[in-house]
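The values are calculated or read from the model by the stated rules, or taken from the named source; none is laboratory data. All of these numbers come straight from a predicted model, not from anything done at the bench. Methodologically, a virtual Cβ is constructed for each residue, glycine included, from the backbone with ideal geometry; neighbour enumeration extends over all protein chains shown. These area figures cover heavy atoms from the full protein model, side chains too; ligands, DNA and RNA do not enter into them. Shrake-Rupley method; radii C 1.70, N 1.55, O 1.52, S 1.80 Å.
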Amino acid sequence: MINFRWFGIYGAVALVHVVSLLGGWDAIATPSKFLLMPALGVAVVLASARPFRRPDYGFLAALALAWIGDIFVADAASSSFIIGLAAFLAAHAVYLALFLTAVRSRRIPWGTAVLVVWWVGLLVILRDDLGLFFVPLAAYGAVLAASTASAFATNRLIASGAVLFLVSDTALAWALFAPTAVWWQSDVVIMALYTGGQLSIAIGFVAARRASRKTASVSG
């Protein structure tokens with residue numbers, strides 16, 4: 001059984017971050033953002049069954065990549081933006097591999113084909129605003145869509161978290177590349193979706209890994 005109190009540490013950091021964004025307290029918002037993935041990583045380590053296997057280390061690597069992404073993805077005009085984008089792309093590639101192997105429990109539903117429509121539609125809508133980022137964003141969107149689709153072959157927590165992540169990234173793309181369309185407190189909404197999505201994915205992953213180990217020990 002998962003000890004959810006460890007995820008409360010991450011929840012507290014996420015809450016502080018989102019509230020600081022809402023209040024416009026940059027002195028708190030910036031450092032709390034950089035603490036998000038380390039806090040979630042600690043929670044995963046403490047809540048996971050022992051001994052650690054390759055998929056568990058892989059998941060922690062995905063969180064580390066997301067942490068790098070958090071640091072560098074903030075301003076599309078910055079030269080470091082592409083570093084953050086590449087880190088998030090790599091994180092989703094790891095998620096994709098893990099969802100299709102370590103925690104897969106069913107086939108990917110045909111309905112996830114709608115993600116192709118999302119991908120093409122977003123690129124078409126933002127094509128005039130993306131400029132030189134069109135190809136990198138197209139590649140990122142393809143991997144994001146694939147990892148989201150693969151999440152539906154796992155459990156509900158992972159699938160729900162992947163959808164939240166997708167919506168967060170969609171809103172972020174809008175905020176970065178179509179700023180005239182940004183709504184009030186968009187940064188709060190984006191980070192609330194992102195932190196919630198990562199939490200759901202992490203809990204779902206730990207739960208799935210624990211269940212698979214229990215099944216293996218019983219069958220063994």
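Values computed for the structure shown
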{"quantity": "Pairwise centroid distance, computed over Cα atoms, of the range 196-211 with the range 49-109, Å", "calculated": "14"}
{"quantity": "For the range 102-158: accessible area per residue (Å², 1.4 Å)", "calculated": "58"}
{"quantity": "Helix 156-177 vs. the chain, principal-axis angle (Cα, 0 to 90°, nearest 10)", "calculated": "20"}
{"quantity": "Helix 114-130 axis, angle to the chain major axis (alpha carbon atoms, nearest 10°)", "calculated": "30"}
{"quantity": "Taking only Cα atoms of the chain, radius of gyration then Dmax in Å", "calculated": "17.3, 59"}
{"quantity": "Solvent-accessible ranking of Thr101, Thr30, largest area first, probe 1.4 Å", "calculated": "Thr101, Thr30"}
{"quantity": "Protein accessible area in the chain, 1.4 Å probe - carbon and sulfur %", "calculated": "72"}
{"quantity": "Inter-label distance, nm, simple model (7 Å from Cα along the C-beta direction), Ser105/Phe52", "calculated": "2.4"}
{"quantity": "Per DSSP, loop trypsin sites (Lys or Arg not before Pro) in the range 49-151 with at most 14 further Cβ within 10 Å", "calculated": "Arg53, Arg106, Arg107"}
{"quantity": "Distribution of pairwise C-alpha distances over the range 1-105, 5 Å bins, in %", "calculated": "2, 13, 17, 20, 21, 14, 8, 4, 1, 0"}
{"quantity": "Gain on full stretching of the segment that runs from Ala27 to Asp75 - 0.36 nm per residue minus C-alpha separation", "calculated": "15.5 nm"}
{"quantity": "Three-way shape label, the range 133-197, alpha-carbon gyration tensor, a/c 1.5", "calculated": "oblate"}
{"quantity": "Nearest-ten-degree value, helix 54-72 long axis tilted from longest Cα axis of the chain", "calculated": "20"}
{"quantity": "From phi via Karplus (6.51, -1.76, 1.60), per-residue ³J(HN,Hα) for the range 17-30 in Hz, x at Gly/Pro", "calculated": "5, 5, 5, 5, 5, 5, x, x, 8, 4, 5, 9, 4, 5"}
